[in-house]
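Below is one structure, written out as structure tokens; the observations come after it.
The values are calculated or read from the model by the stated rules, or taken from the named source; none is laboratory data. This structure is a prediction, so every number in the text was calculated from the model and none was measured. Cβ sites come from the backbone with ideal geometry, for glycine too, and all protein chains shown count toward neighbours.
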Amino acid sequence: MGEASGIGSAPPAPTLERHDSPLGSWRLVRWRPPGLEGLVEEIWYFEGTLTRLRERHYPNGRMDLTIHFGPRYRRVHEADSHTFSKVSVSGLFLAPDVIEAPPGGSVVLGIVLHPPGALRLLGTPLEGLTGRDEDLTSIVPSAVVQELVDRCQEVSSPVERVRQAERWLRRRLAGSRRTRTPPAAVLRAVDEIRRQGGAVAVGELGRESGWSRSRFTTVFREEVGVPPKTLARIHRFRRALRGVTQGQLRLSDVALDAGYYDQAHFNRDFREFAKVTPSQYRARLRFPESPSTAEPTR
């Protein structure tokens, strides 16, 4: 759920794909709306049934807004499993987590946001959302959320539902400019970390802000949800994850390309964010065009 992005490139215009395999049968729309780069990674729509209900997601430095038009997904934790709200927003996650699909099929639309997009959309710092899911109506006025749901439900075409979400999103982002504006230094730093795939000198980003190192780190964490060094490490891990999925590449080359200074450093970061070794991850069953892996249901 919400992890269609990350390995393959989203199409320049929303297109409908159909999939039938032992993993299940579904229709999927993916779109990276033009002009929203750095704010929105993509909008996706899923309609179908999975045979492997549990899907393991990995940290990606992005946030998810999801709308369930039918039975809802669950986030599965050993200590605390919960069902998502009808319209939910999820903060940055620092470790793998498991999403469980409803057994009878699901219809879900998702908006994948970079932190600057989430800051503008939600109009509030993101620290309180880190590692959590929240009902969107607890942050955004319920009438605004209901408009999004109604606009998507009044059309039946999967592609048109994605377009309706895009129109709502653009209006909301445009309106946010008249309300709260996050610090420009933080937005510049997040964008540089994203563009460089985490291979940045965080200390230099702090100096460019004009603040002290401690103030830069504090404000960045409050606004984005994690310190700048952590966000850079997540993006570098994500870059490495793309390389690991390409089975023909040597892991030493993957580490070098992702900006790790040695193999041991690469292995430590990978184990921290994936909880498995690169070789173990490579051996797992992945969903098409996704870094997510199928998880057995206990």
Practice task
Taking GLY210 as the residue in question, decide whether it is of a type outside the set (A, V, I, L, M) and crowded, with 20+ Cβ neighbours inside 10 Å.
Solution key: no
Exercise for the section: Provide a single number: the residues in the stretch 161-178 that are more than 17 Å from LEU113 (Cβ to Cβ) and at pLDDT below 90. Expected result: 1
Fill in the blank from the handout: (1) among the basic types (Lys, Arg); (2) farther than 27 Å from TRP44 by Cβ; (3) crowded, with 17+ Cβ neighbours inside 10 Å all hold for ARG172 apart from (2)
Exercise for the section: May I ask you to say which residue of VAL226, VAL140, VAL145, VAL200 is in a helix (DSSP H, G or I) and under 22 Å from the mean Cα position of the chain (by Cα)? Expected result: VAL145
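Of the residues GLY225, GLY206, which single one is modelled with pLDDT of 95 or more, of a type in the set (Gly, Ala, Ser) and either within 21 Å of THR130 (Cβ to Cβ) or in contact with a Cys (Cβ under 9 Å, 6 or more places away or on another chain) (or both)?
Working: GLY206 fails: modelled with pLDDT of 95 or more.
Going through GLY225, GLY206 in turn, just one is modelled with pLDDT of 95 or more, of a type in the set (Gly, Ala, Ser) and either within 21 Å of THR130 (Cβ to Cβ) or in contact with a Cys (Cβ under 9 Å, 6 or more places away or on another chain) (or both): GLY225.
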Completion exercise
Counting only residues that are of a type outside the set (Gly, Ala, Ser), out of contact with any helix residue (DSSP H, G or I) (no Cβ under 7 Å at 6 or more places or on another chain), within 22 Å of LEU187 (Cβ to Cβ) and surrounded by 19 or more Cβ atoms within 10 Å (Cβ to Cβ), the stretch 90-147 contains a total of 5
Practice task
Please go through the stretch 229-265 and pick out each residue that is under 22 Å from the mean Cα position of the chain (by Cα) and aromatic (Phe, Trp, Tyr).
Solution key: PHE237
